[in-house]
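> I have a structure I would like to understand better, so I am pasting it below and will then ask my questions one at a time.
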Amino acid sequence: MKLVFFLCVLCASVVTCFALDRDAFTFTRYDLNLRIELEQQRLAARGKITLRNDSAPPQKNAVLQISSSLSWRSIQWHGKALQFVAQPYESDIDHTGQLSEAIVTLPNEIPQNGTVELEIGYEGTIPLDTTRLTRIGTPREVASHTDWDQISKRFTAVRGVGYVAWYPVAMVSASLSEGNSLFDTVGRWKAREAQAVMRIELTAVRASTEAPLTVLVNSHTCKAATLDAGAGQMITADCTFEPLAFIVPAFLIANYSVLDRQVSSFFYLPDHKAEAEAYSKAADAVAPIVTEWFGAPREKAKIVELPDPSASPFESGTLLMTPLSNDGPKLAQMTLVHELTHAAFPSPRPWIYEGLAHFAQALYRERQDGRQAALDYMGLHREALLEAEKQVFVPSATSVASKPPTGQALITTFEEAFYRSKAAYVWWMLRDMVGEDALRKALAAYASEQDHDPAYMQHLIEAQAKRDLGWFFEDWVYNDHGLPDFRVQSVYPSKMPQGGYLVTITVENLGGAGAEVPVTLRFQGGNVTKRVKVHGKATAVIRIEPPSAPREVVVNDGSVPETNASNNTFKVPELLK
Ligand SMILES: [Zn+2]
């Protein structure tokens, strides 16, 4: 308390300590000039940003946060220096685990919806930094495979919000040690900035004239040039994100060569031409299934190599940063199916954009090795999904005081386990329900620029499938009703007078989300599968007529994610003679 009081007195001249609202302003425009000195690992930025007050009260102060390895040099309004207090602010939205926060006194109060344009300057270094991970116990070696962002002479890769705050942002502190706090905070920020425009003019300089450098930015509109810099090298790129649309703006600078093909470009590091060629072959192999399902790619997928062979891949938009491995075509093909689907099927909604790209991977596995191989691939998503649902879906009965379960509806979620893993299952279930033909036609009718209504996709699929899917979208997309939990409640076999059997099966769903699930009856000499719709907390009955004595009933082949798969088999007792 003493410390808070002391800090308050310290900054009382420029800021009212307790009135600070870090979420008040949305940043609507960035116009930044970046100078990057590779040998010194330095970044210096000058430019303009526009802030809009999205809070109800008028705001006299604005918060600007950048990585703690950078420092504020100037903040001006119409050429006039503004007073600001710079302070460290702990937050895991940056790899250093800390931000340089400037609390700026604005020239006048900005009313609700009012905007202010500031001229800013900041600089510092961006070295490799794993602090936010090592301080929660991750070994440094492991952490550097995830937080690989850095500016350095040989290899530079810097991702934006959630990794390195290389451009100003403002949000409340997020911590990796508090469940989903980081995902939530960064996700909310991305959603607020989805309509923002960012322009960067980047100049990278290197004193040496070793192998020529390439600069890559994950924006659709980029003009790059190599300039003569006397004894060294100077390259520039002028790029615009219009709008940012959930993209994490990132730049890479390294000695890349490019293998440019019809549907994709591969940027590879020295001596890795063979790996790049293997990936390009993989792209050729998977292009037909992508086109068949999602149409022809509208732009090229860009695959950019990371030098650390153990680095975690990162994708944003149609650019994928990944180590290129040369151990068999399977991994490369799965990677390329995903990226080409992005290039073919843009959508502003993560559950559609990412969900379909993962669904495409399952489709490809099925095409290669059959349905079980696809379900095995989907199974890799199951653990993450079960864990995520457990975290957001705590039954309220456990504690009166605990918040009611809100879940993570696919339509609004920022969490990867939902918009990737759960969404992949949702697409797979939709295909099982409405059939391949209807789903493909619905996807062909989708236009991302017309996707304003959350129910747009539902209506497109219903129009092709000629059936009501409202119940399914309510349980899986518009709300989070958790997952189903199927069990075979009872099986009644009886002998038919004309031969054969009639088996009446009751399936119960103990979970909250309804689904159409396959039920397989095994009998002497074969098996038969039928699908049955079981709403949440409900039962459904189906009848199957096998030619010989029934032996076993199994509900769910793994195509519907459920919380407990250990109660899905029912041994049929031998019939009384
Ligand atoms: Zn993706």
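> Ranked from the most accessible area to the least, with a 1.4 Å probe and all protein chains present, what is the order of CYS239, CYS222?
Highest to lowest solvent-accessible surface, that is CYS222, CYS239.
> In 5 Å bins starting at 0, how do the alpha-carbon pair distances of region 17-70 split up by percent?
4, 15, 21, 19, 16, 12, 7, 4, 2, 0
> Scattering from the C-alpha atoms of region 440-571 alone, worked out with Debye: what is log10 I(q)/I(0) at q = 0.13, 0.15 1/Å?
Those come out to -0.64, -0.78, one per q.
> Right, next: In whole angstrom, and with the biggest value first, how far do the Cα coordinates of region 12-107 range along each principal axis?
Sorted largest first, the three principal extents are 46, 30, 25 Å.
> Right, next: Can you pull the percent of Cα pairs in region 109-205 with separation above 15 Å?
More than 15 Å apart: 73 percent of the Cα pairs in region 109-205.
> Same structure again: So how do 446-455, 550-559 stack up, highest first, on mean other-Cβ count within 10 Å?
550-559, 446-455
> Continuing with the same structure: Starting from the alpha-carbon convex hull of the chain, give the projected area averaged over all orientations, in nm².
Directional mean of the projected Cα hull area for the chain stands at 31.5 nm².
> Kindly provide the trypsin sites (Lys or Arg not before Pro) of region 419-495 that DSSP labels as loop, not H, G, I, E or B, and whose Cβ sees at most 14 other Cβ atoms within 10 Å.
LYS466, ARG467
> Within the P(r) computed for region 309-450, what percentage of the Cα pairs occupies the region above 17 Å?
Within region 309-450, distances greater than 17 Å cover 66 percent of Cα pairs.
> Taking a cut-off of 18 Å between Cα atoms, list the lysines near LYS571, but don't count ones fewer than 8 places away on the same chain.
Leaving aside lysines fewer than 8 places away in the same chain, those within reach of LYS571 are LYS495, LYS530.
> Percent of accessible area on the chain owned by carbon and sulfur, 1.4 Å probe?
Summing carbon and sulfur atoms, their accessible area is 53 percent of the total for the chain.
> In region 188-329, how many lysine pairs have Cα atoms under 24 Å apart, counting only pairs 8 or more places apart or on different chains?
Count of close lysine pairs: 8.
> Equivalent ellipsoid semi-axes for region 106-162, as square roots of 5 times the alpha carbon gyration tensor eigenvalues: give them largest first, rounded to whole Å.
35, 16, 10
> Using helices alone, what [θ] at 222 nm do you get for the chain, with -39,500 (n - 2.57) per DSSP H run of 4 or more residues, divided over all residues and rounded to the nearest 500?
After summing the helix terms and dividing by residue count, I get -8000 deg cm²/dmol.
> Taking only C-alpha pairs under 8 Å that are 6+ residues apart, what is the relative contact order of region 472-568 in percent?
Relative contact order, region 472-568: 33 percent.
> Translational diffusion coefficient, Stokes-Einstein: compute it for region 174-228 using the Kirkwood radius over C-alpha pairs as Rh, at 37 °C and 0.692 mPa s, and state it as an integer in µm² s⁻¹.
Taking Rh from Cα pairs, D becomes 218 µm²/s.
> Also, quick follow-up: Test of the criteria: in region 185-252, which trypsin sites (Lys or Arg not before Pro) are in a DSSP loop and have at most 16 other Cβ atoms within 10 angstrom of their Cβ?
Answer in residue order: no site qualifies.
> Can I ask one more? On a 1.4 Å probe surface of the protein chains, which of HIS342, HIS145 comes out largest in accessible area, and what is the full order?
Listed by decreasing accessible area, they come as HIS145, HIS342.
> If you place +1 on the Cβ of every Lys and Arg and -1 on the Cβ of every Asp and Glu, how big does the dipole about the Cα centre of the chain come out, in debye to the nearest 20?
For the chain, the charge dipole is close to 760 debye.
> Taking every alpha carbon pair in region 177-308, what does the distance histogram look like in 5 angstrom bins from 0, in percent?
In order of increasing distance, the bins hold 2, 9, 14, 15, 16, 17, 14, 9, 4, 1, 0 percent.
> Can you work out the accessible area per residue across the chain, with the rest of the protein chains kept in place, probe 1.4 Å, in square angstrom?
Accessible area per residue: 43 Å².
> How big is region 516-568 along each principal axis, measuring the range of its Cα positions in Å and listing the largest first?
For region 516-568, the Cα spread along each principal axis is 32, 20, 16 Å.
> Along its three principal axes, how long is region 464-523 when you only count alpha carbons? Whole Å, largest extent first please.
That gives 48, 30, 14 Å along the principal axes, largest extent first.
> Tally Lys and Arg at +1 and Asp and Glu at -1 over the other residues with C-beta under 11 Å from the C-beta of GLU201: what net charge comes out?
Surrounding charge for GLU201 is +2.
> Taking R0 as 51 Å, what's the FRET efficiency between GLU299 and SER548 from their Cβ-Cβ distance, rounded to 0.05?
Approximately 0.35, to the nearest 0.05.
> Further question on the same structure: For LYS537, go through the aspartates and glutamates and keep the ones whose alpha-carbon is under 16 Å away, minus same-chain ones fewer than eight residues off.
Answer for LYS537, where 16 Å is the Cα cut-off: GLU474, ASP475, ASP480, ASP485, GLU508, GLU516, GLU562, listed by chain and number.
> By average Cβ neighbour count within 10 Å, what is the ranking of 255-262, 115-122 from highest down?
In decreasing order of mean packing, 255-262, 115-122 become 115-122, 255-262.
> Which FRET efficiency, nearest 0.05, do VAL528 and LEU331 yield, Cβ-Cβ r, R0 35 Å?
0.45
> Round to a whole angstrom and tell me the spacing of the C-alpha centers of region 289-333 and region 229-262.
17
> Still on this structure, please answer the following. Bins of 10 Å, beginning at zero and ending with the bin holding the largest distance: percent of Cα pairs per bin for region 40-192, please.
Calculated P(r), rounded to whole percents: 11, 38, 35, 14, 3.
> If the cut-off is a Cα-Cα distance under 19 Å, which lysines reach LYS80, setting aside same-chain residues fewer than 8 apart in sequence?
Once the sequence-local lysines are set aside, what remains near LYS80 is LYS48, LYS60.
> What is the gain in length, in nm to one decimal, between LYS281 and ASP23 on full extension, counting 0.36 nm per residue of separation less the C-alpha to C-alpha distance?
Value of the extension gain: 88.2 nm.
The values are calculated or read from the model by the stated rules, or taken from the named source; none is laboratory data. The structure presented is a predicted model; accordingly, all values stated were derived computationally and were not measured. Cβ: placed from backbone, ideal geometry, glycine included. Neighbour counts: every protein chain shown. The protein model used for the area step is the full one, side chains on, heavy atoms only, and it has no ligands, DNA or RNA in it. Shrake-Rupley method; radii C 1.70, N 1.55, O 1.52, S 1.80 Å.
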